[in-house]
Structures are given as C-alpha cells and as structure tokens.
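Q: Below is one structure. I have some questions about it.
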Amino acid sequence: MSKASSQEAILAYLEEKYDEKFEVEAFKEGSEAFKQMYGADKVIVHPEGKPEHVFLAGEDRDHEGEYYDNYVLSIWQDELTKHYKEEISKILAGIDYRYRVLLYTQDGYDSSFKEMSVFNYLENGHNDSSLIINVAILTSKAPSLNEYSEQILQLNKLANTANTKPAGVSIGFVDQEVDVTDYIRTSAVNNVQWSNMIGKVYGQITIDNRLNITNSNQLSEYFETFEE
C-alpha cells in the first residue's frame, strides 16, 4: 500500500470510529515484510482544531487491515494536564517552564470511554496505569540540583496523588533559547528522550514512587548531566 493510501485508510478508520475529522502531523512508514518485528504504518494525528489531543494511530502489526489508536488516552492526558495546572504553577512559581502530564496504560479502554473522566477510569481499579509529570525547566546555564530539589520533591508528591503506580516526574533542564512548546505537546507520542531533543539540554532527572524518595539528598543519584 502506498503512503497516501495507507494514510487515507488510517484516517478513514478514525473518522468512522469517532465521527470526527482529523489532521495528520506526521506519517511513519512501517515494514511491509517484517510488521511483527518493526511495526506497520502509523500517523501522528490530532482532531481538527484540537492540537492538544495529539495521538498515534496505525495499522495493527499482527492483523492485516485492522487499526489501533490512543485518542482516548490523549484526551485523558489533556484532562490531567489542565487538572494539575494550578498546583504545578504554585510549585514552580518564579521558574520558566513548560509541562504536560503523560498517562500510559496496559489496561483495556475503547472509544466508549471517550466521555469518561480519567479520574473515574483510575478509580475503577485501573491502577496498572503510569503517570508522569513531564516538565521542561528553561534556564540560562547548567543548573545546580539544589536550586530545584524542593520543587522536584513537591512535583513527585503531586504525581503520587494519582491512583497509579508508577507515578512520578521527568524534568529536562533546557536552555532558555530553545522553543520546547511542540516537544512537550507531542511528548507522549514522539518517543524522544531529553538527551536526544533538538536544542541544548543541560541535564535531566526522572523519579517515581517505586524509588521511595523522601528527601533531597537522594535526588543526586538520579540526576544526569549532559556534556557540552
């Protein structure tokens, strides 16, 4: 199947399933001969007029002519991002930052869950989900971890209020001249680590509730700096 026809087939699947129009941001070609190993064709897409609901959709690698998507998950991620906005802004007061709350789950959900609140979903026993508060802190120089240790602990504590395990925070310390807006917006689907992000990144720290971190002295073990 050609790129154009494959993309059209994925869009037709989405539009029939959700009765909405979608816009393709990027097309990723899969392996025709080794789909099970390398995956099939997929797109990064969002509903018309709603770029905050960016998600992946594509052909099922194991079933020819069948498709998958994580549209519902993207809606929930946006709900979480808005829900935690006020608390995050208090924690990071005086700091230049961009963020998005990411949610991943192995548990079942389908298009009928589209109108369900993510909190109802999590409260109904779907605690195999994982939640990450993904934050870019914009700075003019390589940071000292001590400058941000209290905020990191508070963000991790906030993530832990969700009914998921793991739950935590991933922070990239990014040069203030870098525009991270689109990187953060697509962070659930771009699969790009802080170390591979386009632009200057000074370092990162990622922690979650499986690590049992209770004080700032423990943070340095998980802080990674990147070479100039």
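The values are calculated or read from the model by the stated rules, or taken from the named source; none is laboratory data. Here the structure is a predicted model, which is why all the values come from computation and not from measurement. In this analysis, Cβ positions are derived from the backbone assuming ideal geometry, glycine residues included, and neighbour counts consider all displayed protein chains. The accessibility values were calculated without ligands, DNA or RNA, using every heavy atom of the protein model including side chains. Shrake-Rupley method; radii C 1.70, N 1.55, O 1.52, S 1.80 Å.
Q: Could you work out what % of the accessible surface of the chain is carbon and sulfur, using a 1.4 angstrom probe and leaving DNA, RNA and ligands out of the count? Show your work: numbers first, answer last.
A: Working: 5340 of 12030 Å².
It is 44 percent, rounded to a whole number.
Q: Measure nothing fancy, just the Cα-based angle from helix 145-159's long axis to the longest principal axis of the chain, in degrees from 0 to 90, nearest 10.
A: With both axes taken from Cα atoms, the answer is about 50 degrees.
Q: For the chain, set up a Gaussian network in which alpha carbons nearer than 10 Å are linked by springs, and say which option among A93, A188, A40 fluctuates the most.
A: Residue with maximal mean-square fluctuation among A93, A188, A40: A93.
Q: Now, a different point. Nearest 10 degrees is fine. How inclined is helix 3-18 to the longest principal axis of the chain, computing both from alpha carbons?
A: 80
Q: Considering only the chain, what is the antiparallel percent among its DSSP beta bridges, to the nearest 5? Display every interim value, and only then the final one.
A: On the way: 31 of 40 bridges.
Just about 80 percent of them are antiparallel.
Q: For helix 71-83, report the angle its Cα long axis makes with the longest principal axis of the Cα atoms of the chain; keep it between 0 and 90° and round to the nearest 10°.
A: So the helix axis and the longest Cα principal axis differ by about 30 degrees.
Q: If the only charges are +1 at each Lys and Arg Cβ and -1 at each Asp and Glu Cβ, what is the size of the charge dipole of the chain around the Cα centre, to the nearest 20 debye? It would help to have the intermediate numbers written out before the result.
A: Numbers: 20 positive and 39 negative charges, 145 e Å.
Roughly 700 debye, rounded to the nearest 20.
Q: For segment 73-228, what class follows from the C-alpha gyration tensor (a ≥ b ≥ c being the square roots of its eigenvalues): rounded when a/c is under 1.5, otherwise prolate if a/b is larger than b/c, else oblate? It would help to have the intermediate numbers written out before the result.
A: Values: a/c = 1.96, a/b = 1.52, b/c = 1.29.
Prolate, because a/c is 1.5 or more and a/b exceeds b/c.
Q: Could I ask something else about it? Counting only helical runs of four or more DSSP H residues, what would the 222 nm mean residue ellipticity of the chain come to if each run contributes -39,500 (n - 2.57) and the total is spread over all its residues? Before the final figure, lay out each step's value.
A: Working: 8 runs with 70 residues, N = 228.
It lands at -8500 deg cm²/dmol.
Q: Could you report the chain's accessible area per residue, 1.4 Å probe, as an integer in Å²? Intermediate results must be reported in sequence, preceding the final value.
A: On the way: 12030 Å² over 228 residues.
Accessible surface, normalised per residue, equals 53 Å².
Q: Okay, next question. Name the most mobile residue of Q77, Q204, Q106, meaning the one with the largest mean-square fluctuation, in a Gaussian network model of the chain with Cα contacts below 10 Å.
A: Its mean-square fluctuation being the largest, the pick is Q106.
Q: Would you list which lysines come within 26 Å of K90, measuring only between C-alpha atoms, while excluding same-chain residues fewer than 8 positions from it?
A: K82, K141, K157, K165
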